[in-house]
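To start, the structure itself, in structure tokens.
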Amino acid sequence: MSTRGLPDWLDPVVDAARTVRPTQLSRFLPPEDGRGRQSAVLILFGEGARGPELLLMERAGSLRSHPGQPSFPGGALDPEDGDPQTTGPLRAALREAEEETGLDPAGVQLFGVLPRLYIPVSEFVVTPVLGWWRAPSPIGVVDPAETARVFTVPVADLTHPAHRVTVVHPSGHQGPAFTVESALVWGFTAGVIDRILHFAGWERPWDRSRQVPLDWRA
């Protein structure tokens, strides 16, 4: 990992990654007894026609875990990824991103990781890996059985108050969400984006009373 040569606008993200505590990101933290499947996601920042942007994908509707949900590229660590406590998540994040979106890992500069978080419904212990798309490459759906769509979202859209809502799960749980690129980004992915925007100082005031109910199958 290296922060050398990053664009200046990423400085707040670099600083946040160095200082943020797990409890500041989520109330769902890895079990202390070590349970959970080690995994990683790639939070890839690029520079698009409208400025800074993030790479997202939409999971295939046929998947057993989080079907049809927009997410960061990522997945479980494989044995060949190496030590889950050191470089394993970095390799896994790049490998999964290549498998799911077709991007060339050689053009990605990893510059930080966020604290490990937990997704109770799937029992994944997730390491969010931060990357800069230094040399963009073509992206698209590699395997339709896994991925329905690959797309980028301008950070300007993510911070725009008109694109921010609160989702209400049938269980009663509420969380931040984004209506961007004809998608509703919610759950783990939206929670991480929300915290990055907050701690990077990019967040704009938005109406948290605007609620969107989630389908019971969500």
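Being on the phi < 0 side of the Ramachandran plot, in contact (Cβ under 8 Å) with a residue 40 or more places away in the chain and in contact with a Pro (Cβ under 8 Å, 6 or more places away or on another chain): is that true of Arg37 here? Taking the combined requirement at face value, the residue does not satisfy it.
Considered as a group, the residues in segment 53-75 that are more than 29 Å from Gly34 (Cα to Cα) and open to solvent by 40 Å² or more (accessible area, probe 1.4 Å) include one that is modelled with the highest pLDDT, and that residue is Glu58. Whenever a residue of segment 156-175 is within 18 Å of Arg195 (Cα to Cα), its partners that are among the aromatic types (Phe, Trp, Tyr) and at pLDDT 95 or above, lying with C-beta atoms within less than 8 angstrom and at least six residues away or across chains, give the pairs Asp157/Phe178; Leu158/Phe178; Thr159/Trp202; Pro161/Trp206; His163/Phe178; Arg164/Phe178; Arg164/Trp206; Val165/Phe178. Selection of strands (runs of 3 or more DSSP E) fully inside segment 146-218 by the criterion of at least 1 residues being of a type in the set (A, V, I, L, M) and under 16 Å from the mean Cα position of the chain (by Cα) returns 147-154, 174-180, 183-185.
Number of residues in segment 149-177 that are in contact with a strand residue (DSSP E or B) (Cβ under 6 Å, 6 or more places away or on another chain) and open to solvent by 60 Å² or more (accessible area, probe 1.4 Å): the value is 2.
If you scan segment 117-132, which residues turn out to be open to solvent by 20 Å² or more (accessible area, probe 1.4 Å) and at pLDDT 95 or above? Correct list: Trp132 only. Checking each residue in segment 76-109 for being of a type outside the set (D, E, K, R) and either touching a His at 6+ places or on another chain (Cβ under 7 Å) or open to solvent by less than 20 Å² (accessible area, probe 1.4 Å) (or both) picks out Ala76, Gly88, Pro89, Ala92, Ala93, Ala97, Thr101, Leu103, Gly107, Val108. Of all residues being in contact with a strand residue (DSSP E or B) (Cβ under 7 Å, 6 or more places away or on another chain) and modelled with pLDDT under 95 in segment 39-50, which is least open to solvent (accessible area, probe 1.4 Å)? Just the residue, please. Selected residue: Gly48. Just one of the listed residues (Ala76, Ala92, Ala60) is out of contact with any helix residue (DSSP H, G or I) (no Cβ under 8 Å at 6 or more places or on another chain) and on the phi < 0 side of the Ramachandran plot, namely Ala60.
For segment 20-36, the tally of residues that are within 19 Å of Trp132 (Cβ to Cβ) and loosely packed, with under 12 Cβ neighbours inside 10 Å stands at 0.
The values are calculated or read from the model by the stated rules, or taken from the named source; none is laboratory data. This is a predicted model, so every value here is computed, not measured. Counting neighbours? That spans all protein chains shown, and the Cβs are built from the backbone with ideal geometry, glycine included. Please note that ligands, DNA and RNA were not included when accessible areas were found on the heavy atoms of the full protein model with its side chains. Shrake-Rupley method; radii C 1.70, N 1.55, O 1.52, S 1.80 Å.
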